[in-house]
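The values are calculated or read from the model by the stated rules, or taken from the named source; none is laboratory data. Not measured: the values here are computed from a predicted model. No Cβ is skipped: glycine too gets one built from the backbone with ideal geometry, and neighbour counts run over all protein chains shown.
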Amino acid sequence: MKIENQSDDSISIESIASGQKFFIYAILLSFVFHILKGELDNVAWLAGIAAFVLALLGIFRLVSGFNCSNRIKILLVVAMLVPYVNIVLLLMLNSRANKALRAAGYKVGLFGATLSAKSH
């Protein structure tokens, strides 16, 4: 999944930005899951399931934005099933999304890029 070798026509910035937002929320919910695990099991598991679903949605949005192959999509989904690898994977994909969004002229903050915040 190389960003640098792809032309601007093959990258959908809107898909990348929305996928990144899903990642950020998934990462936050994953931390909530790990903090609440053992204390409030029902709430923790709900947060964990929500984090997983958001991460999958983010992956599909992001790889669609980068026009990645189905093999990459399958590999990423399988990697999401491995504990702690999924967090590292989300952080790596978030970094790649940041690079693409900044290259397209968007400002990227803690909670991702705001589509209306494109710099002139």
Fill in the blank from the handout: Exactly one of Leu29, Leu40, Leu75, Leu110 is farther than 24 Å from Ser12 by Cα, surrounded by fewer than 18 Cβ atoms within 10 Å (Cβ to Cβ) and not β-branched (Val, Ile, Thr), and that one is Leu40
Practice task
Find all pairs meeting these conditions: Cβ atoms under 8 angstrom apart; at least six residues apart or on different chains; first residue within segment 41-64 and farther than 15 Å from Ile27 by Cβ and of a type in the set (Gly, Ala, Ser); second residue outside any helix (DSSP H, G or I) and modelled with pLDDT of 85 or more.
Solution key: Ser64/Ser12
Exercise for the section: For segment 41-52, indicate whether the set of residues that are of a type in the set (A, V, I, L, M, F, W, C), modelled with pLDDT of 85 or more and assigned to a loop (DSSP other than H, G, I, E, B) is non-empty. Expected result: no
Handout entry: Candidates Leu75, Leu46, Leu40, Leu56, filtered to the one that is over 11 Å from the mean Cα position of the chain (by Cα), closer than 26 Å to Ala104 by Cβ and among the aliphatic types (A, V, I, L, M)
Key = Leu75
Problem - Test: residue in segment 68-78 that is under 21 Å from Gly112 (Cα atoms), touching a residue at least 12 places away in the same chain (Cβ under 8 Å) and in contact with a Leu (Cβ under 6 Å, 6 or more places away or on another chain) - result: no
